[in-house]
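Take a look at the structure below.
Bear in mind these aren't lab numbers, they're just calculated from the coordinates by the rules spelled out. Predicted, not measured: the structure shown is a model, and the values here were computed from it. A quick note on method: Cβ atoms are made from the backbone with ideal geometry, for glycine too, and the neighbour counts reach across all protein chains shown.
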Amino acid sequence: MAAKIKKGDRVVVLAGRDKGRQGEVKRVMPAEGRLIVDGVNVVQRHTRPSQANPQGGIVNKEASIHVSNVALVDANGKATRVGFRMDGDKKVRFAKTTGDVVNG
């Protein structure tokens, strides 16, 4: 199945404690149906000292969020659904609200 949301897309969170926040997709995990958005769903990890981090302590990092809880942001800055259509001989993604082709 084709990916409706890809790495580098700008998305808005629809549900959860970060509802309404926008960010760029840093990583997509299609097998789990989850993705990591920059600056959204930040959690604190308590890490013990290691070779890489000799001090240990509390580290902030982005946790994954389910793909159903985010929507693509269109040119107007609003949440939109994503559709697919043939543009010549190429399959492209487009925003359902405006009909514009989504880059990527």
Assuming R0 = 22 Å, what is the FRET efficiency of ARG10 and ALA31, from their Cβ-Cβ distance, to the nearest 0.05? 0.40
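Sorted by average packing, counted as other Cβ atoms within 10 angstrom per residue and highest first, what order do 18-27, 45-54, 80-89, 65-74 take?
Ranking, from highest mean packing down: 65-74, 18-27, 80-89, 45-54.
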Under 8 Å for C-alpha pairs, at least 6 residues apart: give me the relative contact order for the chain, rounded to a whole percent. 21
Count the lysine pairs in the chain whose Cα atoms lie under 19 Å apart, taking only pairs 8 or more positions apart in sequence or on different chains. 18
Do you know the relative contact order of the range 47-104, to the nearest whole percent, from alpha carbon pairs under 8 angstrom that are 6+ apart? 18
